[in-house]
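The structure under discussion appears below in the form of structure tokens.
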Amino acid sequence: MHNSLKEPVLVLNANFEPLNVCTIRRAMGLIFSDKARMLVNGRGEIHTTHTVFPAPSVIRLDRMIKRPRPKVKLNKQEIFRRDNYACQYCGRSDGELTLDHILPRHLGGSHTWENLVTACRACNHRKGGRRIENAGMPLRQRPKAPSASAQYIFGRYLNSNEEWGTYIEGW
Ligand SMILES: [Zn+2]
């Protein structure tokens, strides 16, 4: 079997809205149990002992499922991505990146999109445990939660899954 069953598959709702990303293994399970159909076969074939199946790259659920609009998960990687992998104090993007609490935690700063920015190691060190006003280090832009468009949420997959583009656009 040359296909990894762990490769990503884009799952669309019945109305074609992108829902999430699952593995080929999970997608095949949905197809075999008649819950989804393959829309794009971008992964070649899956060989089992007796049969060969086309491996899906995009599937669509037969039935509409309801769920709230997805949010971008708050974590270090997503903060870096929101900030275009650039230090929000000096603008550099060529060094090691760290996460900075704008208002330090020991001063009551929260772990939120609005209080977290990407900082290079040097700026993070220079700022230390101070407020930005006291450190004299203004931010380049006001941080906020990224909009949860499908383009943003699934964007990081697009480089290696070009065929997903048309299904993600506009959501
Ligand atoms: Zn910096």
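The values are calculated or read from the model by the stated rules, or taken from the named source; none is laboratory data. Here the structure is a predicted model, which is why all the values come from computation and not from measurement. Please note: Cβ atoms are built from the backbone with ideal geometry, for glycine as well, and neighbour counts cover all protein chains shown.
Considering the stretch 132-171, and only residues there that are charged (D, E, K, R) and without any contact (Cβ under 8 Å) to a residue 40 or more places away in the chain, the residue that is nearest to residue 81 (Cα to Cα) turns out to be 144.
Of the residues making up the stretch 77-88, those that are buried (at least 18 other Cβ atoms within 10 Å of the Cβ) and within 19 Å of residue 151 (Cβ to Cβ) are 78, 79, 82, 83.
Yes/no per residue for (1) on the phi > 0 side of the Ramachandran plot; (2) basic (Lys, Arg); (3) exposed (fewer than 14 other Cβ atoms within 10 Å of the Cβ):
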| residue | (1), (2), (3) |
| --- | --- |
| 94 | no, no, yes |
| 110 | no, no, yes |
| 113 | no, no, no |
| 120 | no, no, no |
| 136 | yes, no, yes |
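Mind listing whichever residues of the stretch 102-120 are of a type outside the set (Ser, Thr, Tyr) and within 24 Å of the chain's Cα centre (by Cα)? Selection gives 102, 111, 113, 114, 115, 116, 117, 119, 120. The one condition from (1) free of Cβ contacts under 8 Å to residues at least 40 places away in the same chain; (2) more than 16 Å from the ligand (Cβ to nearest atom) that residue 56 does not meet is (1).
Considering the stretch 37-76, and only residues there that are loosely packed, with under 11 Cβ neighbours inside 10 Å and of a type in the set (S, T, N, Q), the residue that is farthest from residue 150 (Cα to Cα) turns out to be 49. Of the strands (runs of 3 or more DSSP E) lying entirely inside the stretch 1-71, those carrying at least 1 residues that are of a type in the set (Lys, Arg) are 36-40, 58-61.
Of the residues making up the stretch 21-36, those that are surrounded by 11 or more Cβ atoms within 10 Å (Cβ to Cβ), in contact (Cβ under 8 Å) with a residue 24 or more places away in the chain and of a type outside the set (Gly, Ala, Ser) are 21, 24, 28, 30, 31, 35. Being free of Cβ contacts under 8 Å to residues at least 40 places away in the same chain and of a type in the set (Lys, Arg) is the filter here, so list the residues in the stretch 65-79 that pass it. If the condition is that a residue be free of Cβ contacts under 8 Å to residues at least 40 places away in the same chain and of a type in the set (Lys, Arg), then 66, 73, 76 are the ones that fit.
Mind checking whether some residue in the stretch 59-72 is β-branched (Val, Ile, Thr), modelled with pLDDT under 95 and over 23 Å from the mean Cα position of the chain (by Cα)? No, every residue in the stretch 59-72 fails to be β-branched (Val, Ile, Thr), modelled with pLDDT under 95 and over 23 Å from the mean Cα position of the chain (by Cα). Looking across the stretch 83-133 at every residue that is assigned to a helix (DSSP H, G or I), of a type in the set (Lys, Arg) and within 10 Å of the ligand (Cβ to nearest atom), the one that is nearest to residue 72 (Cα to Cα) is identified as 121. From 79, 46, which residue is β-branched (Val, Ile, Thr) and modelled with pLDDT of 95 or more? The conditions single out 79.
For the stretch 125-161, filtered to residues that are among the charged types (D, E, K, R) and more than 30 Å from residue 8 (Cβ to Cβ), the residue that is nearest to the chain's Cα centre (by Cα) is 142. With respect to the stated conditions, residue 139 fails to be part of a strand (DSSP E or B), within 15 Å of the ligand (Cβ to nearest atom) and over 22 Å from residue 70 (Cα atoms).
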